[in-house]
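Each value in this text was obtained by applying a stated rule to the coordinates, not by laboratory testing. Please read these numbers as outputs of a predicted model, since none were measured by experiment. Please note: Cβ atoms are built from the backbone with ideal geometry, for glycine as well, and neighbour counts cover all protein chains shown.
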Amino acid sequence: MTGISLTFGGDPIFSDLDLVVQPGDRVALVGRNGSGKSTLMKVMAGLVEADAGSIVIPPGNSVGYMEQDPKMEGFATLGDFAASALEPGELYKVERAGEGLKFDPDRPVETASGGERRRAALAKLMAEAPELMLLDEPTNHLDIEAISWLESELAATRAAFVLISHDRAFLRALTRATLWVDRGQVRRQDKGFEDFEAWRDKVWEDEDMARHKLNRLIKSESRWAVEGISARRKRNMGRVRALHELKADRAAQITRQGTAAMDLESGSKSGRKVMDAEGLTKRYGDKTIVDGFSLSVQRGDRIAFVGPNGVGKTTLLKLMLGQETPDAGQVKLGTKLEIAIFDQTRDQLDGDASLWENLTADPLMGISGKADQVMVRSQPKHVVGYLKEFLFDERQVRAPVRSLSGGEKARLLLARLMARSSNVLVLDEPTNDLDVETLDLLQELLDSYDGTVLLVSHDRDFLDRVATATVAMEGDGRATVYAGGWSDYLAQRGPRDGAARPDKPKAAKAKAKAAQQAPKENLSFKEKHRLDVLPDEIDRLEKEIAKLEELMADPQLFSREPVKFKKATEALVQRQEKLAQAEEEWLLLEDKAAG
């Protein structure tokens, strides 16, 4: 890309932009919501024409773009769309991607949800395998298993790719370079997302220092102009002109966007026990959502619900809130609950209505959405002023919501949510489309929030930062409570689906017995002794781990005996680490003995 310039609504988005993507590049494209990331990606894909500049793609190379809202007119099924550019002998690629991304190729287009359409668009791109893949929020609407599949596919590909994503763990695992869109500039650093925040903070620090020096220089020159200019007017007019130029430079500087002035206010304290679920069972036909699930939620808990798409996380939330009736069991809600809900489907927003109307209207209360003020935690605020606190421009407030980016829609929903006080927050996929800075702020607000949080998310990093307990739903009605966030859950879970622990320890023990009778001249006396005792140590650790996993499989333990649950969790993690170290030590010694 050479000399790319683009103006939208009278404001320049990019000016004289030069950018090169090399073969095999793995690039994170980052920036604030509304900074132009998606627009830049569409220019790269040839879907938006720049006002000036040129794009060169070498012969024999192709560029593929994952559309956020794919057009599927003329296709009967999602599979027909995903395979539309493939040869007949390549259809297996769509089936493979469909299995990894969990979408049904036979699903009719007219009945497919927005998430299913996006997964089909992603499968189409992965199956076509262009030399450059442009991926705009590819993890939205994917569960963690599908995200892991996509992560492994992208890690193995030889193609170049550019990623826009809110998922820190995904970006950290995959990227080796970073493009940062900031106030019409695109900066590049040949380091992955892991180093982005340190780089960003250093750029801002240098910028603040330069602005401070400029302000001091202007102040000094302005004092000179007032105090001494009359006596030396002719010979110092050049210095006066220089002063005007300094002031013009300062005026031309684009102030970087601040963080949204978000705030969460807890209402009156709820009772100590917020919810108490006992023996919940819910089925839809042959599908079991939960079977005998129990959980006690205390004031201040941050409970995360994780599991594959369609497993019933939202349904379980509704059961916990009393919005759906279980087939068996009961839920007792605590006293003085003030519940606020963030809906992942954005159904609370009217796409044809303006931001103003969406913020002020309340159909249930018969409020039309024409008021000039909105009640923010019982205090009146002007609509425009409140929207500015959430980084909306005054020109946007009368625009229809459908014109907003995904991140801007999420911010508008947060503005509605935070206008009222609450003591129970229900957040269903709140991180989708939010930029890094807003995610950081949301996490800080949740950390200091006095109320209780129920959270559904596929963002592993966010789960680790926020959750104090995790309810893992793995199908067939199984829902187990684990202490901590996503990483803690993985450490405690052990093998999935009741599978036995991998055979490495048992194999190691068998090999060790054989090795005891083999020559060990390569080992010292101490190493020979370790090789002899390690099999029994591995066996002991395996048995202790099995007992701890059996204890923690009791779904009542977390709510009934939280201290005991915490100690068991810590002991399990400690023994799993020791087991891994013992296995590694045995393998090294056995190899040395055999050598």
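Quick one: compute the contact order of the range 273-493, relative version, from alpha carbon pairs under 8 angstrom and 6+ residues apart, as a percent.
27 percent
Please tell me the relative contact order of the range 121-204 in percent, rounded to the nearest whole number, where contacts are Cα pairs under 8 Å and at least six residues apart.
The value is 24 percent.
Using each residue's phi in the range 83-95, evaluate 6.51 cos²θ - 1.76 cosθ + 1.60 at θ = phi - 60° and report the 3J(HN,Hα) Karplus result to the nearest Hz, with x for Gly and Pro.
Values per residue, Gly and Pro as x: 9, 5, 9, 9, 6, x, x, 10, 4, 4, 5, 5, 4 Hz.
Rounded to the nearest Å, what's the spacing between the alpha carbon centres of the range 405-444 and the range 99-117? Just the number, please.
Result: 27 Å between the Cα centres.
What is the sum of charges, Lys and Arg at +1 and Asp and Glu at -1, for the other residues whose Cβ falls under 9 Å from the Cβ of residue 116?
Computed value for this residue: +3.
On a 31 Å Cα-Cα criterion, which of the cross-link pairs 528/578; 124/313; 102/332; 102/269; 202/269; 282/336 come out too long?
102/332; 102/269; 202/269
Work out how much length residue 373 to residue 283 would gain on full extension: take 0.36 nm times their residue separation and subtract the Cα-Cα distance, in nm to one decimal.
Length gained between residue 373 and residue 283: 27.9 nm.
Once the piece of chain linking residue 564 and residue 332 is laid out straight, how much longer is it, given 0.36 nm per residue of separation minus the C-alpha distance between them?
So the chain would gain 81.1 nm between residue 564 and residue 332.
Considering only C-alpha atoms, what is the centroid distance from the range 175-206 to the range 24-39, in Å?
11 Å
Please arrange 170, 8 by counting, for each residue, the other beta carbons lying within 10 Å of its beta carbon, fewest first.
Least crowded to most crowded, the residues run 8, 170.
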